[in-house]
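Below is one structure; the comments refer to it alone.
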Amino acid sequence: MALEFAPGKTRIGWIGTGVMGRSMVGHLMAAGYEATIYNRTSAKTDDLVARGAKRAASPKAVAEASDIVFAIVGFPRDVREVFLGDEGLLAGSRPGSVLVDMTTSEPSLAVEIYDAAKAKGVASIDAPVSGGDIGAKEARLSIMVGGDQPVVDALQPLLIVMGKTIVHQGGPGAGQHTKMVNQILISTNMIGVCEALLYAFKAGLDLNTVLQSVSPGAAGSWSLSNLGPRMIAGNFDPGFFVEHFLKDMGIALAESRRMGLALPGLALAEQLYRAVEAQGMGRNGTHALLLALAHLSNVHWPNDPRQN
């Protein structure tokens, strides 16, 4: 399949204009790509329509108007509906078009979509991302790609508009498996970040000066440098929703069971995040784990937004 994508020539479609998707498609539009977009809540596309995007009534309609369609939605059930439903992308795709799922979803579903698309002469790629709302806004996401090499190569001009690190991980589903690796790493790291800040607070330390000391050293991490200041400021708005992180950990646990792996750290993190959700913070950012852990020790976090 000979593919070539370029601004002014390639018509893109986009499904999902939430916390990350809005910024990602915005970068593509700024680079000169004509976009047709769809979001289940139509009002979330208003700013993009004002900038020149065309709004469609369904994923199928997006595919009919596009050469390549990207989607970043919530859960595997949403991915299935968007790609394989009666009003989904594949129903509106022509032979030679390309579908790209940037949602964090099930590796097996990525393979299922790939097979269904291939039977229709359509290319399908799984390309989940990491970097949260900050990475999306600053176009420096890490994009983990699974699919056929020629298609992945052809996509590079578009992917580099949204991300800084783009790596082809292998065949269909490989991008999703790599994202599971990413989420496993984050899950237990977040426990350490939150417990460390609670310790610092209880010890009477100045949290900002603590960050100055520990962030550059061996204990440093993306979560500590980027989410630590948000926790200190009491900003628990979502760069990535707790409920979506729970979905990701559930997928990783299911895959680990299938492979016969015991991952007790991941299982612990999943249980702790269940507590975060049970305390009413499923729509907060993943760093809201701090508040749930504070509750366990009866620590009143000074900038807890629930107490303001």
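Tabulated results
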read-out: 5 angstrom amide H check on I37, placed H, neighbours 5+ away; value: W14, K54, R55, A56
read-out: Difference of contour (0.36 nm per residue) and Cα-Cα distance, L207 to R40; value: 56.1 nm
read-out: Under-5 Å amide H pairs with S221, H placed in peptide plane, nonlocal only; value: none
read-out: Projected-area average for the chain over all orientations - Cα convex hull basis, square nanometres; value: 16.4 nm²
read-out: Sequence-distant residues sharing a close amide H with I166 (under 5 Å, placed H); value: I143
read-out: Set of lysines near K44 by C-alpha distance (under 21 Å), chain-local residues within fewer than 8 positions excluded; value: K54, K60, K137
read-out: Mean shadow area of the stretch 160-283, taken as a quarter of the surface of its Cα convex hull (nm²); value: 9.7 nm²
read-out: Whole-Hz ³J(HN,Hα) from phi, Karplus 6.51 cos²θ - 1.76 cosθ + 1.60, for the stretch 47-58, glycine and proline x; value: 5, 6, 5, 5, 8, x, 6, 9, 8, 10, 8, 6
read-out: Those trypsin sites (Lys or Arg not before Pro) in the stretch 203-308 that DSSP places in a loop and that have at most 14 other beta carbons within 10 Å; value: R283
read-out: Relative contact order of the stretch 177-307, defined on C-alpha pairs under 8 angstrom at six or more residues apart (%); value: 33 percent
read-out: Karplus 3J(HN,Hα) series, Hz, for the stretch 275-287 with 6.51 cos²θ - 1.76 cosθ + 1.60 (x for Gly, Pro); value: 5, 4, 5, 5, 8, x, 10, x, 9, 8, x, 4, 6
read-out: Per-residue ³J(HN,Hα) for the stretch 117-123, Karplus 6.51 cos²θ - 1.76 cosθ + 1.60, θ = phi - 60°, Hz, x for Gly and Pro; value: 5, 4, 5, 9, x, 10, 8
read-out: Surrounding net charge for E87, when Lys and Arg each add one and Asp and Glu each subtract one, Cβ distance under 14 Å; value: -1
read-out: Helix-only [θ]222 nm of the chain, DSSP H runs n ≥ 4, -39500 (n - 2.57) each, per residue, nearest 500; value: -15500 deg cm²/dmol
read-out: Relative contact order for the chain, counting Cα pairs under 8 Å that sit 6 or more residues apart, in percent; value: 13 percent
read-out: Over the stretch 1-78, relative contact order from alpha-carbon pairs under 8 Å, at least 6 apart, %; value: 40 percent
read-out: Size of the stretch 38-117 as Cα extents on the principal axes (Å, biggest first); value: 37, 27, 19
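Only the coordinates and a few stated rules stand behind these numbers; no lab work does. All values derive from a computational prediction rather than experimental measurement. Note that we place each Cβ from the backbone using ideal geometry, even for glycine, and neighbour counts take in every protein chain shown.
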